[in-house]
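Asker: Take this structure, written in structure tokens, and hold onto it; I'll ask about it next.
The values are calculated or read from the model by the stated rules, or taken from the named source; none is laboratory data. Note that the structure is predicted; figures quoted are calculated from it, not measured. With ideal geometry, Cβ positions are generated from the backbone for all residues, glycine too; neighbour counts draw on all protein chains shown.
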């Protein structure tokens, strides 16, 4: 976290379990960074698990990035528990193995939104 901002760095927030307790901070951090940078990359290799609230934040970040002409990318090899959870969410067919597969599925889901 910098002295300029009270918003934690999004990559620090992605360590461990992305739960409802982190959803608001993750949202604020991603939106701030997407407003400042043309491209943003989130490494999912340190994420152990995710709940629906943070999954929704990621979907919203993809939508914001697309609407504002920004690039939001996901990278990293997924931990087994996170991969299973994302496979169960209903937006991803099968069990993804890396952030790129999650990114493609989320972009496709955003395109289907009204």
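Asker: Sort out which residues of segment 5-26 are under 11 Å from residue 47 (Cα atoms), modelled with pLDDT of 90 or more and crowded, with 18+ Cβ neighbours inside 10 Å, and write them in order of number.
Answerer: Of everything in segment 5-26, just one residue is under 11 Å from residue 47 (Cα atoms), modelled with pLDDT of 90 or more and crowded, with 18+ Cβ neighbours inside 10 Å, namely 18.
Asker: Here is a list: 30, 13. Which entry is without any contact (Cβ under 8 Å) to a residue 60 or more places away in the chain and touching a strand residue (DSSP E or B) at 6+ places or on another chain (Cβ under 8 Å)?
Answerer: Selected residue: 30, the only one of 30, 13 that is without any contact (Cβ under 8 Å) to a residue 60 or more places away in the chain and touching a strand residue (DSSP E or B) at 6+ places or on another chain (Cβ under 8 Å).
Asker: Here's something else I'd like to know. Among the candidates 33, 81, single out the residue that is over 20 Å from residue 101 (Cβ atoms) and at pLDDT 90 or above.
Answerer: The match here is 33.
Asker: A further question on this structure: Going by the structure shown, is residue 91 over 16 Å from residue 9 (Cβ atoms), part of a helix (DSSP H, G or I) and more than 11 Å from the chain's Cα centre (by Cα)?
Answerer: Answer is no for this residue.
Asker: Okay, moving on. Which one is nearest to the chain's Cα centre (by Cα), of the residues in segment 17-47 that are closer than 18 Å to residue 66 by Cβ and not in a helix (DSSP H, G or I)?
Answerer: Per the criteria, the residue is 42.
Asker: To continue, here is another question. Mind listing just one residue for me: the one in segment 64-111 that is at positive phi and in contact with a helix residue (DSSP H, G or I) (Cβ under 8 Å, 6 or more places away or on another chain) and, of those, surrounded by the most Cβ atoms within 10 Å (Cβ to Cβ)?
Answerer: My answer is 76.
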